[in-house]
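Participant: This is the structure I have questions about; it appears just below.
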Amino acid sequence: MRITQLGPAAYPEGYRTDMPAFGDTLSDREIAAILAYIKSQWPPDIRARQSRQNAVR
Ligand code: HEM
């Protein structure tokens with residue numbers, strides 16, 4: 001959500017990226033919906049890996 005809302009500002013200073021900021025053009029719900037769609041296209045092993053990375057430790 002942070003990367004999508006802030007774009008380059010979400011990355012460390014000096015990091016160059018083409019990812020634009022969408023915080024002013026997409027609502028939180030729209031961003032969440034797009035990310036959910038992208039995730040729905042992942043194969044199960046990738047979903048499992050991301051789920052492990054996101055787990056609260
Ligand atoms: C013209 C449209 C877009 C362009 C050109 C673009 C480009 C990029 C690029 C180049 C990156 C890699 C960042 C880096 O390491 O340099 C990135 C990452 C990312 N983008 Fe976009 N993006 C676009 C639209 C979107 C939209 C609409 C969303 C979500 C609603 C989105 C979500 C993300 C996220 C979450 C990442 C981080 C992925 C990760 O680090 O695993 N992007 N994007």
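Participant: Can you send over the carbon and sulfur percentage of the accessible area for the chain, probe radius 1.4 Å, protein chains only? Don't skip to the end; give the middle numbers.
Facilitator: On the way: 2720 of 4970 Å².
Reported share for carbon and sulfur atoms: 55 percent.
Participant: Further question: For the Cα atoms of the chain, what angle does the longest principal axis make with the long axis of helix 44-54, in degrees from 0 to 90, nearest 10?
Facilitator: Long axis of 44-54 versus the principal axis of the chain: about 60 degrees.
Participant: Separate question: Please give me the summed charge of the neighbours of GLY23: other residues whose Cβ is under 15 Å from its Cβ, Lys and Arg +1, Asp and Glu -1.
Facilitator: Net of charged neighbours comes to -1.
Participant: Taking only protein heavy atoms and a 1.4 Å probe, what accessible area per residue, in Å², does the chain have with all protein chains in place? Please report the intermediate quantities before stating the final value.
Facilitator: Working: 4970 Å² over 57 residues.
Counting only protein heavy atoms, the per-residue value for the chain is 87 Å².
Participant: Here's another thing I want to ask about it. Under the rule a/c < 1.5 gives rounded, and otherwise a/b versus b/c splits prolate from oblate, where does the range 2-54 land using the Cα gyration tensor?
Facilitator: On the way: a/c = 2.65, a/b = 1.44, b/c = 1.85.
The shape class here is oblate.
Participant: Something else about it: Expressed as an acute angle from 0 to 90° and rounded to the nearest 10, what is the orientation of the C-alpha long axis of helix 28-40 relative to the principal long axis of the chain?
Facilitator: The angle comes out near 40 degrees.
Participant: Could you order peptides 39-46, 17-24 by the average number of other Cβ atoms within 10 Å of their residues, highest first?
Facilitator: On the way: 39-46: 9.1, 17-24: 11.2.
So the order, starting with the most tightly packed, is 17-24, 39-46.
The values are calculated or read from the model by the stated rules, or taken from the named source; none is laboratory data. Note that the structure is predicted; figures quoted are calculated from it, not measured. Ideal geometry is used to build each Cβ from the backbone, glycine not excepted, and the neighbour counts take in all protein chains shown. Heavy atoms of the whole protein, side chains included, go into the accessibility calculation; ligands, DNA and RNA do not. Shrake-Rupley method; radii C 1.70, N 1.55, O 1.52, S 1.80 Å.
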